[in-house]
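As structure tokens, the structure follows; a few thoughts come after it.
The values are calculated or read from the model by the stated rules, or taken from the named source; none is laboratory data. Keep in mind it's a predicted model, so treat the numbers as computed, not measured. We place every Cβ from the backbone using ideal geometry, glycine too, and count neighbours over all the protein chains shown. Side chains included, ligands, DNA and RNA excluded: accessible areas come from the protein's heavy atoms. Shrake-Rupley method; radii C 1.70, N 1.55, O 1.52, S 1.80 Å.
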Amino acid sequence: MKKTTDLSLYDNAWYQPGGFIKRTIWHIVGAIVINSNIPFPVSFKIFMLKLFGAKIGKGVMIKPQVTIKYPWFLSIGDYVWIGEMVWIDNLAMVSLGNHVCISQGAMLLTGNHDYSKTTFDLKIAGINLEDGVWIGAKSVVCPGVLAKSHSVLSVNSVMTKQMEAYTIYQGNPAKEIRQRNIIN
């Protein structure tokens, strides 16, 4: 007889991303300041993210309706662009290098579940996007991905493994399609 999933046994009590009060206050502040259409200045958004522990460089652009789960698990380099409706579901550390572009509706997911266990255990792994990486609109970057320098994930693609430097990936699952040549 095959075993089945039993969600009544699910227990992620081991996962402590921050105190209840801190998470609650961030949930409210994030909803009002970051994940809204209210035209707050980017400098104010950055101030609030830093107040909650994010490390953020200079020249960063954060568009409206961005979701950031836990700013204390976020490091952003210089001149990074984060487009509308980006979801950074950072249950673990997400590091964005310099000159990274995350286009509209992209998702960076650091959590998943172990479907091989009846308890459907939570699994987390960080994401690291090195300098010059571009994540295309509506693309998904899965837990544990390292995107090396200037790699590209094209529109509506899903990446589950390491992305090599100066390489363009496309599809679901994303596969290498060509090299990225940058010209002046």
Roughly how many debye, to the nearest 20, is the charge dipole of the range 1-131 about its Cα centre, given +1 on each Lys and Arg Cβ, -1 on each Asp and Glu Cβ, and no other charges? 240
Using a 1.4 angstrom probe, figure out how much accessible area the chain has per residue, in square angstrom, rounded to the nearest whole. 55
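Can you pull the percent of the chain's accessible area that's carbon plus sulfur, 1.4 Å probe, other chains left in place?
59
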Could you tell me the ratio Rg/Rh of the range 15-100? Both radii from Cα atoms, Rh via Kirkwood. 0.93
If the reach is capped at under 14 angstrom between alpha carbons, list the aspartates and glutamates near K123, excluding any in the same chain fewer than eight residues apart. D11, D89, D114
Relative intensity, log₁₀ I(q)/I(0), of the chain from a Debye sum that treats every alpha carbon as a point, q = 0.09 Å⁻¹: -0.34
Could you list the trypsin sites (Lys or Arg not before Pro) in the range 1-102 that lie in coil according to DSSP, counting only those with at most 12 other Cβ atoms within 10 Å of their Cβ? K2, K3, K58
In whole angstrom, note down how far apart the Cα centers of the range 141-184 and the range 61-94 are. 19
How big is the charge dipole of the range 1-68 about its Cα centre, in debye rounded to the nearest 20, if each Lys and Arg gets +1 on its Cβ and each Asp and Glu gets -1 on its Cβ? 260
Averaging over every viewing direction, what projected area does the convex hull of the Cα atoms of the range 113-184 cover, in nm²? 5.3
